[in-house]
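Visitor: Before I ask anything, let me first share the structure, which is written out below as structure tokens.
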Amino acid sequence: YYVCRMSINVVKQPLIDEGILSAGQLGLIGSALLFVYAIGKFMNGFIADYCNIRRFMATGLFISALMNLLMGVLGLFSSMIPMAVIFVSFAVLWGMNGWMQSMGSGPGVISLSRWFSRSRRGTYYSIFSSSPYIGEFISYNLLAVVVAWLGWQAGFIVAAIAGLAGAAL
């Protein structure tokens, strides 16, 4: 999940340097994810109580990966697309990514409560709670190498490939 959420943070500077998006536009795009993520976290926690957790989480990751893939592919054609279209498309796709990202945390906690007894949950929850920081560390470093080597579009595409692989597991 994290690689599909952190990808935009790694590609911000190349997007600004190439004149594709401004810092203000990137702030609005990032806000779209956070706003939708907050609402989705609230709602998806309730929905996940009645779902197959594995399928629910895999669906969220799969669609999140597709949002990253679409942004990367859109970037490949950015020289032929008006900047306003890029901005609006990125904001919508990244907002949709926020909803899909919200399908990870709440269901993850639900699965912990289903898998482990009360006496063991604290240990496993502490491991689960450290995953965002480990995931962010790996994501930033992996994607930074990819973006430096292949360009900012590849940052989204590689994040998508990692997300699709994770959803398939």
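Visitor: Restricting to segment 54-82, name every residue that is open to solvent by 80 Å² or more (accessible area, probe 1.4 Å) and assigned to a helix (DSSP H, G or I).
Guide: Within segment 54-82, 54, 55, 62, 70, 76, 79, 80 meet the criteria.
Visitor: Out of 93, 34, 28, report the one residue that is open to solvent by 50 Å² or more (accessible area, probe 1.4 Å) and farther than 21 Å from residue 132 by Cβ.
Guide: Only one candidate passes the filter, namely 28.
Visitor: Taking residue 105, is it in contact (Cβ under 8 Å) with a residue 40 or more places away in the chain, in contact with a Lys or Arg (Cβ under 8 Å, 6 or more places away or on another chain) and open to solvent by less than 50 Å² (accessible area, probe 1.4 Å)?
Guide: yes
Visitor: Determine if segment 113-132 includes at least one residue that is among the β-branched types (Val, Ile, Thr), open to solvent by 80 Å² or more (accessible area, probe 1.4 Å) and either part of a helix (DSSP H, G or I) or touching a strand residue (DSSP E or B) at 6+ places or on another chain (Cβ under 9 Å) (or both).
Guide: Yes, segment 113-132 contains a residue that is among the β-branched types (Val, Ile, Thr), open to solvent by 80 Å² or more (accessible area, probe 1.4 Å) and either part of a helix (DSSP H, G or I) or touching a strand residue (DSSP E or B) at 6+ places or on another chain (Cβ under 9 Å) (or both).
The values are calculated or read from the model by the stated rules, or taken from the named source; none is laboratory data. These figures come from a predicted structure and were not determined experimentally. Methodologically, a virtual Cβ is constructed for each residue, glycine included, from the backbone with ideal geometry; neighbour enumeration extends over all protein chains shown. The accessibility values were calculated without ligands, DNA or RNA, using every heavy atom of the protein model including side chains. Shrake-Rupley method; radii C 1.70, N 1.55, O 1.52, S 1.80 Å.
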